[in-house]
Amino acid sequence: MDLHILDHRLRVTSISKNGLANFTHSLIKLIFLRNRTRCKFFSLTETPENYTVVLDEEGFKELQPSEHLQVESSIWLPLNVVSNGNASSSSQAVGVTKIAKSVIAPLAQQHVSVFMLSTYQTDFILVKEKDLSVVISTLEEEFNIYKEVKGDCVPVHGQDVSNGLQKNGKEAIQPTVHPVLIPKNHFCVMSLDPDTLPSIATTLMDVLFYSTSPKEDMQSSPSQDLDCIKFFSFSLIDGYISLVMDTEAQRKFPADLLFTSSSGELWRMVRIGGQPLGFDECGIVAQISQPLADSDISAYYISTFSFDHALVPEEDIVSVADMLHHQRNEPANS
């Protein structure tokens, strides 16, 4: 298999709910006016706490500094696993499960934190630019690694890094086993022909910018037992659109324009974290994806500024809940 280091340098940001009005012009430009911006990697995810915006440096220029904008200090590089010339999740939605043992677990063992962004088309593993040499040396035995440079794929090899079990020099620690919540929403993972994006513009703006109610704001505390959770994700990456929304939001869109896999499956969410997770801890994705991979359960995984979110098939949610409950009752064995 091949591992591609994509030609994007990304920033991970957060826009506060009460500050969204300061950024609607920029976000509309980034979503709908592709010919007015050079941004090629854009993802916006709404959660009860905030809006997480992941975008390349060209897109980041569109966001004006504000007290309502938090910016994670690192530059992030997106990785993509390619098998037989096609993205690893090109048709069947196996998601992070397919790369849990070959990518996620080895990086966690080398104390490399990752930020995951699963889309309808594929899975992006974001790593900090400063960790790239460790990533390459860790994964080069399993993968042929290429770096995309102006449209060309250039082979790359491991650079000299520190000796020892922890190649990046950090002390290995037992990862925190974070609490999980399972809201009752049913979610859809869909795509859209970019040429038809103007046809859903008003609906998309309504869902993104005008759908938050006071009741939803009250649900922002992660310590509550959430019946339902506000979650909507829109990605426009290298010309491909991906949308993740619950069935209530889906009903607002024209059914003939959005498409999903032929089985039209529904997904349930596992929300990871009791307190905001931060960006330095490693092993968060691994502690969820590894048991799912062991049970061969498909999963999309979307990290946000505060918490992580895994989507598993509806028919598997009971077994997943039991599995994660057992893992949390026996942290020494996780």
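The values are calculated or read from the model by the stated rules, or taken from the named source; none is laboratory data. None of the values given here were measured: they were computed from a predicted structure. All Cβ positions, glycine included, derive from the backbone under ideal geometry; neighbour counts span all protein chains shown. For accessibility, only protein heavy atoms count, side chains too; no ligands or nucleic acids. Shrake-Rupley method; radii C 1.70, N 1.55, O 1.52, S 1.80 Å.
Tabulated values for the structure
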quantity	calculated
All strands (runs of 3 or more DSSP E) inside segment 1-48 with 1 or more residues being within 22 Å of F279 (Cβ to Cβ) and in contact with a Gly (Cβ under 7 Å, 6 or more places away or on another chain)	41-46
Residue satisfying all of: in segment 57-78; part of a loop (DSSP other than H, G, I, E, B) and open to solvent by 70 Å² or more (accessible area, probe 1.4 Å); nearest to I104 (Cα to Cα) among these	S73
The lone exception for C282 - which of (1) in a loop (DSSP other than H, G, I, E, B); (2) over 16 Å from the mean Cα position of the chain (by Cα); (3) touching a residue at least 12 places away in the same chain (Cβ under 8 Å) it fails	(2)
Test for V82: is it surrounded by 18 or more Cβ atoms within 10 Å (Cβ to Cβ), at pLDDT 95 or above and of a type outside the set (D, E, K, R)	no
Test for L311: is it farther than 20 Å from F232 by Cα and either in a helix (DSSP H, G or I) or modelled with pLDDT of 90 or more (or both)	no
